[in-house]
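Undergrad: Encoded as structure tokens, here's the structure I'll be asking about.
The values are calculated or read from the model by the stated rules, or taken from the named source; none is laboratory data. Note that this is a predicted model, so its numbers are computed, not measured. Here the Cβ positions follow ideal geometry from the backbone for every residue, glycine too, while neighbour counts run over all protein chains shown. We work out accessible area using only protein heavy atoms, side chains counted, and drop any ligands, DNA or RNA first. Shrake-Rupley method; radii C 1.70, N 1.55, O 1.52, S 1.80 Å.
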Amino acid sequence: MTIKQFLSAALLTGAAVASFASPTSDFDKTIQTKKYRLGPIKSVVVQDRSAKGFGAQTACGHLAIDEKRVRFFLANAQFRSEYQYSQELQTGDCNAQAQVTFQDRRTAKVSIDNWTGWGAITARGTAYFLQCDACADILATGFPFDARKPVRP
């Protein structure tokens, strides 16, 4: 086997192995590639206060969203990657949405998942994922609005 044949075989073998490998490393999956500039909130509009369930059997009617909950979530949440969100997603979780207008007139849709403390802000067709440790059960009636609230085990 000549050196040229050996290099060609090595390249083909490397390409075959690479085709089965993950396109991104585990490190890349945790990086938030872009963040949305939040800024001061001018107003929060809630069209439907009731939370909706991701699963068919999910009962969410007792959970609701309001301006105070949206403001608390945005004030305490940290940007995370879509991959991290997908790993934490619970199919039985309840979700509620609101429209936020910032002081600079930008608008975005805020979506909050109740049990996980995760959510998203969508603006101009792009979703940015957020996670708030203190926001688990944020849509529940007795939510304490305490940023120091311990994370559930």
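Undergrad: Being among the hydrophobic types (A, V, I, L, M, F, W, C) and farther than 15 Å from Leu74 by Cβ is the filter here; which residues of segment 116-142 pass it?
TA: Ala136, Ala140
Undergrad: Same structure, new question: Applying the selection to segment 85-111, what residues are closer than 17 Å to Thr122 by Cβ and in a helix (DSSP H, G or I)?
TA: Matches in segment 85-111: Tyr85, Ser86.
Undergrad: Does Lys68 fit the bill of being at pLDDT 85 or above, open to solvent by 30 Å² or more (accessible area, probe 1.4 Å) and under 27 Å from Arg148 (Cβ atoms)?
TA: So Lys68 fits the description; yes.
Undergrad: Quick check on Ala75: is it at pLDDT below 75 and either hydrophobic (A, V, I, L, M, F, W, C) or over 13 Å from the mean Cα position of the chain (by Cα) (or both)?
TA: Answer is no for this residue.
Undergrad: For Ser86, indicate whether it is farther than 17 Å from Trp118 by Cα and at pLDDT below 90.
TA: Against the criterion (farther than 17 Å from Trp118 by Cα and at pLDDT below 90), Ser86 does not qualify.
Undergrad: Counting only residues that are farther than 22 Å from Thr126 by Cβ and open to solvent by 60 Å² or more (accessible area, probe 1.4 Å), which one in segment 19-51 is modelled with the highest pLDDT?
TA: Filtering first and then ranking leaves Arg49.
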